[in-house]
1. Residue 376: which aspartates and glutamates have alpha carbons under 17 Å from its alpha carbon, excluding same-chain residues fewer than 8 sequence positions away?
2. Need the C-alpha centroid separation for segment 293-330 versus segment 370-417, integer Å.
3. In deg cm²/dmol and to the nearest 500, what is the mean residue ellipticity at 222 nm of the chain if only DSSP H runs of at least 4 residues count, each as -39500 (n - 2.57), divided by the residue total?
4. Match the structure shown to one of the listed values [x] 50; [y] 71; [z] 61 of percent of Cα pairs over 32 Å apart, computed from it, and give that label.
5. Once each part is reduced to its C-alpha centroid, what is the distance from segment 30-51 to segment 164-241 in angstrom?
6. Which residues' amide hydrogens lie under 5 Å from the amide hydrogen of residue 27, considering only partners 5 or more residues apart or on another chain, with H built in the peptide plane?
7. For segment 213-338, compute the number of Lys pairs whose alpha carbons are separated by less than 20 Å, excluding pairs fewer than 8 positions apart on the same chain.
8. Just to check I understand the Karplus step: with θ = phi - 60° and J = 6.51 cos²θ - 1.76 cosθ + 1.60, what whole-Hz values come out for segment 6-22, glycine and proline as x?
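The values are calculated or read from the model by the stated rules, or taken from the named source; none is laboratory data. If you're wondering where the values come from, they're calculated on a predicted model, not measured in any experiment. Using ideal geometry, Cβ is built from the backbone for each residue, glycine included, and neighbour counts are taken over all protein chains shown. These accessible areas exclude ligands, DNA and RNA; they are computed on the full protein's heavy atoms, side chains included. Shrake-Rupley method; radii C 1.70, N 1.55, O 1.52, S 1.80 Å.
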Amino acid sequence: MLNTTNPNNYEYKTDHLEIHILGGIKTNKLETLRITLSVQKPKQHNVLRHSVDLYNDNQVEKLVRKIAERIEIGTSIARRTLQELTKELENHRFLLLSKEEQLNKPFYKELSARETKEAETFLKKKGLLERTNELIGKSGVIGEQTNRLLMYLIFTSRKTNNPLHCISLGSSGTGKTHLQSKVAELIPEEDKVEITVLSANAFYYFNRTELQHKLILIEDLDGAESVLYPLRELQSKKRITKTVVHKDTKGTTKTIHLTVEGPVCVAGCTTQESIYEDNSNRSFLLYIDETAEQDIRIMNYQRIASAGQLNEQQQLESAELLRNVQRVLKPIKVINPYAMYLELPQSVFKPRRTNSHYLQFIEAITFYCQRQRQKKYDENTGEEYIETTIEDIKAANELIQEVLLRKSDTITGATRNHLENLKAYLKQNKQTTFTNSEIRRNLRVKETTLRRYNGQLLAENYIRRVKKSNTKSYCFEIVDVAEYDMLKERINTALQNCITKIELATSPPTRHRQSGEVKTKKAS
């Protein structure tokens, strides 16, 4: 019998010979069975060590004669022993291959009847988005009320044919990666691929459908610069193809195509917004909350965890429920019957792509609320689908307002945050002008960072230099203090007008009498 207890030293003993297979066997080449063995008689020290391919008959015959000569045993015994050993090693190799296949097989959790019912009941409850946001908070995501729900819905869109993508932006140490990783914990393990560093060609060597409807998480875009191009192609075209040269078993050189199919949902973090503009255009930009209030919430949470007062069981249960909710969501087509009434504000940059994101986000909300929508069937094809409701559009408008606001701004998110802090400081101190030294001292901004902010604000005409009449020195003043509030109002009005148009178009006509005649008008 073959003893494989020690994977680096198999033992095979018979009445006549004792054989050790040193280093085990390889499972990557089934056309050969190359081993290194040592052969001796039981309880003797005359040992023969030799490397041989047991599938090569010439090598085996030479080994048989060498064993017979060196060990002083009959060739028939040596030949029969090697044949039996070959059969045992073949069977063991097939067993190893089977185990490797099981280990490499993707993990898919089978939900129990209780878990399935609990997840489906949750999806049928009223106020699903509010309940989901509350559960995300209970799972351990502190603050970021809008961003965390936006990110969860974007991650959910991986199951649709048009997934969304997001990039988390913020200063170093503000919790971009933490937010992404905590929300990603609410997605089943089998549905996501986490990346720290990846080589330029790595994406092309995934199996053809291995990435389909997967969530690809990049901790830092700076560590994945080499794969940003194939990622963009996966986002836009939903497939990538590479042509390489390959030699077949006969040595003939051929050209083959490596194709990886999408769609995929991509999420990443970075501090450098302008560098990744091509990727940003395809993604929702989520700016991390860097306010003092968020700092207080996070530090208080850290103190509770350090004091051992954290309800870890509640966190685990909340996260598991949200993962099970993701598992019970089924692919289904979404139709938005109100799409023709939806128009973006004119201030939004790159409106073609942003309009597509807006419509896809509404569909993602409808997809998540699928258990609350009536299933319908296409008369021509019989395809099953659900329809978007006005409530879905209202929820999308509320969540996406900040995203549209940032996409309508001419300056980067970090510069905008600095400008708003500057406005608040001037209002608090009842000032209209400021100096660099004053801002560095009171807002605690580094000199190089402040110089970069001022350069962009001056170029975009948000601030201007003015000369003090008494000292003849220069200071700065804000050109228009209310510009951001006005931009918010325009976007809010544009989104509200869309809802008003839909309600006017779908409301039943009302009847009233005027001058003895019955007239019909649409309810306002």
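1. Cross-link targets: 363, 384, 387.
2. Here the two parts' Cα centres lie 27 Å apart.
3. Numbers: 16 runs with 227 residues, N = 524.
Estimated from H runs of four or more residues: -14000 deg cm²/dmol.
4. This structure yields the entry labelled [z].
5. 49
6. Answer set, sorted by chain and number: none.
7. On the way: 214/237; 214/238; 214/330; 214/333; 237/333; 238/333; 242/254.
Lysine pairs meeting both conditions in segment 213-338 amount to 7.
8. 8, x, 9, 7, 6, 10, 9, 10, 10, 5, 10, 9, 10, 10, 10, 9, 7
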